[in-house]
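Below is one structure; the comments refer to it alone.
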Amino acid sequence: MSNNVSHIRKEYSLQSLSEKEVDINPILQFENWWQDAIRSEVDEANAMTLATASSNGLPSARIVLLKGFSEKGFVFFGNYESYKGQQLAENPRASLLFFWKELQRQVRIVGIAKKICDEESDAYFHSRPLASQLGACVSPQSRVIENRKWLDDQFEEVSKKMSGSAIARPNYWGGYLVQPIVIEFWQGRINRLHDRLQYTLQENGSWKIERLAP
């Protein structure tokens with residue numbers, strides 16, 4: 001086995017992050033960083049780690065795609081009957097993490113996940129490529145299946161059956177909105193003395209900004 005893993009390191013020195021620079025509203029600050037990521041052509045800037053936990057505290061994490069954000073929160077879509085859907089049903093607390101390595105930045109979001117309305121889920125579902133719509137209908141996400149051939153056969157069968165027809169969104173598939181309680185902005189710095197600014201939602205609806213030690 002390789003013994004070189006512990007020697008892999010990268011010095012971060014692109015930018016800094018100060019309290020004087022950031023917006024008092026973390027959603028607007030996220031918008032600023034999001035635009036930076038888009039302008040910098042960050043690869044899959046909308047890819048984020050979604051961490052969930054069951055009612056007994058068993059954690060799980062996976063990559064999902066951000067599909068929208070606003071003052072209300074951050075939206076992603078998936079199968080409500082999947083493992084993540086089961087955990088969110090048991091325990092709606094969730095965490096999102098963006099890592100934009102090209103900018104040496106991270107954004108960590110902690111909040112409460114809620115299903116969005118059917119109309120919004122319908123609109124997004126029908127905006128997806130046809131093959132993606134079919135895939136959502138075919139895959140019993142997170143469940144054990146026989147083999148790859150079974151999945152391919154199911155896709156082919158459903159494709160033929162629904163050829164030329166509008167595809168209805170399965171009622172087990174839709175969107176979630178993560179309403180943030182804490183949002184942290186992390187900027188890599190030299191000597192591992194990174195800049196970390198954390199916004200915490202207050203009872204009056206305002207946000208408290210604090211610097212965290214790296």
Close pairs from segment 110-131: first closer than 24 Å to Arg93 by Cα, partner of a type outside the set (S, T, N, Q) and in a helix (DSSP H, G or I), Cβ under 7 Å, at least 6 apart: Ala113/Leu88
Residue within segment 114-129 that is modelled with pLDDT of 95 or more and loosely packed, with under 10 Cβ neighbours inside 10 Å present: yes
Index of the failed condition, Glu156 passing every other in (1) closer than 20 Å to Phe76 by Cβ; (2) among the acidic types (Asp, Glu); (3) surrounded by 11 or more Cβ atoms within 10 Å (Cβ to Cβ): (1)
Checking Glu41 against (1) touching a strand residue (DSSP E or B) at 6+ places or on another chain (Cβ under 9 Å); (2) at positive phi, the condition it does not meet: (1)
Hits in segment 132-167 - residues which are of a type in the set (Ser, Thr, Tyr) and under 19 Å from Leu65 (Cβ atoms): Ser132, Ser139, Ser142
Residue satisfying all of: in segment 87-97; touching a residue at least 40 places away in the same chain (Cβ under 8 Å) and over 9 Å from the mean Cα position of the chain (by Cα); surrounded by the fewest Cβ atoms within 10 Å (Cβ to Cβ) among these: Arg93
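For segment 74-92, which residues satisfy the criterion of being outside any helix (DSSP H, G or I) and within 15 Å of Pro59 (Cβ to Cβ)?
Step one: filter segment 74-92 for residues outside any helix (DSSP H, G or I), giving 74-82, 91-92.
The answer is Asn91, Pro92.
Table: residues versus (1) surrounded by fewer than 17 Cβ atoms within 10 Å (Cβ to Cβ); (2) of a type outside the set (A, V, I, L, M, F, W, C).
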site: Lys101; (1), (2): yes, yes
site: Leu134; (1), (2): no, no
site: Asn147; (1), (2): yes, yes
site: Trp150; (1), (2): yes, no
site: Gly175; (1), (2): no, yes
Odd one out for Val178 among (1) modelled with pLDDT under 95; (2) within 26 Å of Leu50 (Cα to Cα); (3) not hydroxyl-bearing (Ser, Thr, Tyr): (1)
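The values are calculated or read from the model by the stated rules, or taken from the named source; none is laboratory data. Since we're looking at a predicted model, the values are computed, not measured. For neighbour counting, all protein chains shown are included, and Cβ atoms are generated from backbone atoms with ideal geometry for every residue, glycine included.
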